[in-house]
Amino acid sequence: MALEHIIRKIDEDARAEAESLLSLARAEADSIKEKARKQAEELRAELLREAEKKAKEHANRIQVLAGLEQRKETLKEKRNLVEEAFTRAEEKIRTLAPDEYCALLKPLIVSAVESGREEIIPSAAHRHLFTPDFLKEINDELGPQRSQLRLSEESGDFAAGFILRESNKETNLTLESIIKDRRDQIEPSIAAILFGEDGKNG
């Protein structure tokens, strides 16, 4: 009876330890998920701040240019600066660390999914990041009604991002498409900083 008691005690202690470890693991997973979400939000904000900072640094130098030929050169430089800001943003996204890249893409995928039966066409350069675990995270977040998202056998000929496809319907969230959409949204504010009152004459 003493031996059975000891065995039962060991079994109870092991179960308690397993429950404790499981609880810690869940808490850690929640913490990692929240951190990834915050990093994605901070990254998006940083891209806008960087573009605006770049614009402000050049505003004074641009505004002192005068004369017809100078205004032409000013306009050209301003356009180049706007283009440079978006080029830098695109390069930054393209060269993100794997965990930052996944943290950026995950909310984009979740928000773009409709039926949950779509397939993801990743860029060839980032296909290796779409691991079974990453896809499971996405499907888990989509919920039981929309958790059949899968990786396509195809890889896209684009720098980064992805395409969601179901039957003949495609949702284009490639880096090129995202940058274009973002450009349409923030270019007016950047242009306002760059051009200012001088833009009325240039």
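Each reported figure results from applying straightforward, stated rules to the coordinates on display, with no laboratory input. Quick caveat: nothing in here was measured; it's all calculated off a predicted structure. FYI the Cβ positions are ideal-geometry reconstructions off the backbone, even for glycines, and counts take in every protein chain you see.
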Karplus 3J(HN,Hα) series, Hz, for the range 101-114 with 6.51 cos²θ - 1.76 cosθ + 1.60 (x for Gly, Pro): 5, 5, 5, 6, 6, 4, x, 5, 5, 4, 6, 8, 5, 10
Long-range HN-HN contacts of Ala159 with modeled amide H, under 5 Å: Leu175, Glu176
Simple spin-label estimate for Arg165 and Ser111 in nanometres, 7 Å along Cα-Cβ: 2.4 nm
His5 versus Ser20: modelled label distance in nm, points set 7 Å from Cα along the beta carbon direction: 2.3 nm
Contour minus Cα-Cα distance for Ser189 and Ser31 (0.36 nm per residue): 53.4 nm
Net lengthening on full extension, Lys53/Lys38 (0.36 nm per residue, minus Cα-Cα): 3.2 nm
